Every structure is written in C-alpha cells, then in structure tokens.
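The values are calculated or read from the model by the stated rules, or taken from the named source; none is laboratory data. Note that the coordinates shown come from a computational prediction; the quantities given were computed from them, not determined experimentally. Here Cβ is always computed from backbone atoms with ideal geometry, including for glycine, and neighbour counts include all displayed protein chains. The area values use the complete protein model at the heavy-atom level, side chains included, leaving out ligands, DNA and RNA. Shrake-Rupley method; radii C 1.70, N 1.55, O 1.52, S 1.80 Å.
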Amino acid sequence: MPGPDRPIVVIGPMGAGKTSVGKKLAKRLGRTFVDTDRVIVRHHGPIAALFEEHGEERFREIERDAVADALLDPASVISLGGGAVLHPETRERLRGARVVLLAVTPEAVAARIQGTDRPLLQHDGLTAWQEIAERRAPVYASLADFTVDTSHRPLVHVVDDIVRWIETEHA
Ligand SMILES: Nc1ncnc2c1ncn2[C@@H]1O[C@H](COP(=O)(O)OP(=O)(O)O)[C@@H](O)[C@H]1O
Ligand SMILES: O=C(O)C1=C[C@@H](OP(=O)(O)O)[C@@H](O)[C@H](O)C1
Ligand SMILES: [Mg+2]
C-alpha cells in the first residue's frame, strides 16, 4: 500500500478546533503533526508580541514561510492559523494538499475564545470574530475539499468524520 501522497491541512476560523483536531488526527493516522502557529512561536516568540512589534503584515510573511515548509512533508497533518489562507501564495500551495475546513457557529465558539490572547480578538471579542469569520468564509469554502461543523460536537467525533473521509478517498 502506498504511503500518504499529500499533506492534510486543517483550515477554518479562530477557535474552530484546528490545533486540537489536527493533533488528534495526526496521532490516529500515524502522521507527523505541525501547527504552524507553534512553529512561529518557537522561532519568533509569542504571536501577540509579533503582531505588536512587527505588525500583521510581517506575521503573514512569516506564516507563509512556515506553511510552505510544513507542506514539504506529504505525511503530515498541518493545522494552520485562521488567517493563513489570506496569503495568495499559501492558497496556491494548498492546491497540492487535502484541505479540511472546520466550521463553527458564533454561539459555540464564544466559550472557546473567552479570555483569548489572539491579537485580532483583543478589542471586540465575539463581534470581531464574527466579522472576520464572515469576511473569510468564501476563501475557506473555495479551498475546502471536506468540511466538518465542530459546533457542539466532541473532538473525537470530528476526528472520526475526517478519518472516514480520508479512508473513502483512498478506497
Ligand atoms: N469540538 C470541540 N468542542 C469543544 N471545545 C473545543 C472543540 N474543539 C476545540 N475546542 C476548544 O476550543 C479552544 C480552541 O481550540 P483550538 O484547537 O485552539 O482552535 P483553533 O486552532 O482553530 O483556533 C480550545 O480550548 C479547545 O480545547
Ligand atoms: O485568524 C487569524 O488571523 C489568526 C489565528 C490564530 O490561530 P488560530 O486560528 O489557530 O486561533 C493565530 O494565527 C493568530 O492569532 C491570527
Ligand atoms: Mg490553532
């Protein structure tokens, strides 16, 4: 049986569960897990400080490079930050990956983003989340090969859905 031919990339709005689901999914599939935000923090320090000291534009360049590096491993599960898909080079590179979109309603995400240090949610919290999520929705939809709604669903069920999809893809 051939090994994994393409990385699996998890996209979606902040708090949809990309980091948590990606980690569990990688474990279930025996793949390498990369969370691009974690890679960025490892090399550049906390994201909030990066935004504050260098601005969002610089963060997006660093993020683009972190995503490009991660995509080199076809046996990986890669969880992106919610805004990574804003970079056109990243969108282009995702054409060579299996892209899973995690969706979530504002009602369900509210508890998940409470007290967050995400820089884009510091001022208006849920209102900002909703505005950003709505603005990005068409981009997410255009990239997704498979979508799972994570609202009010345990992580393990979300992972089960994705594993089933991967298995049918390979059947
Ligand atoms: N399906 C889920 N049900 C309940 N809580 C969840 C679920 N998925 C993620 N969470 C919680 O929501 C928060 C944000 O999850 P995270 O994986 O960091 O999302 P993202 O990477 O998409 O921003 C975490 O506290 C996580 O434990
Ligand atoms: O949506 C965004 O613009 C961002 C999402 C965050 O990651 P998560 O989506 O994993 O929270 C992180 O990359 C940064 O705070 C910016
Ligand atoms: Mg994350």
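Selection over region 18-56 of residues that are of a type in the set (D, E, K, R) and either open to solvent by less than 70 Å² (accessible area, probe 1.4 Å) or closer than 17 Å to Leu80 by Cβ (or both) gives a count of 9.
Residues that are more than 15 Å from ligand 2 (Cβ to nearest atom) and surrounded by 15 or more Cβ atoms within 10 Å (Cβ to Cβ): list the helices (runs of 4 or more DSSP H) wholly contained in region 88-171 that include at least 2 such residues.
On the way: elements: 88-93, 106-112, 125-143, 155-170.
So the answer is 155-170.
Apart from one condition, Phe146 fits all of (1) touching a Phe, Trp or Tyr at 6+ places or on another chain (Cβ under 9 Å); (2) more than 12 Å from ligand 1 (Cβ to nearest atom); (3) closer than 18 Å to Gly83 by Cα; the exception is (3).
When region 33-49 is filtered for residues that are part of a strand (DSSP E or B) and either among the charged types (D, E, K, R) or in contact (Cβ under 8 Å) with a residue 60 or more places away in the chain (or both), only Asp35 remains. Here Gly30 clears all of (1) out of contact with any Asp or Glu (no Cβ under 9 Å at 6 or more places or on another chain); (2) within 15 Å of ligand 1 (Cβ to nearest atom) except the condition numbered (2). A count restricted to region 50-74 and to residues that are under 12 Å from Ala97 (Cβ atoms) and either in contact (Cβ under 8 Å) with a residue 60 or more places away in the chain or in contact with a helix residue (DSSP H, G or I) (Cβ under 8 Å, 6 or more places away or on another chain) (or both) stands at 6. Across region 63-87, the qualifying residues are those that are more than 16 Å from ligand 3 (Cβ to nearest atom) and part of a loop (DSSP other than H, G, I, E, B), and the one among them that is most open to solvent (accessible area, probe 1.4 Å) is Leu72.
Taking the conditions exactly as written (in a loop (DSSP other than H, G, I, E, B), open to solvent by less than 30 Å² (accessible area, probe 1.4 Å) and touching a Pro at 6+ places or on another chain (Cβ under 6 Å)), does Gly15 satisfy them or not? Steps first, answer last, please.
Working: in a loop (DSSP other than H, G, I, E, B): yes; open to solvent by less than 30 Å² (accessible area, probe 1.4 Å): yes; touching a Pro at 6+ places or on another chain (Cβ under 6 Å): no.
Taking the combined requirement at face value, the residue does not satisfy it.
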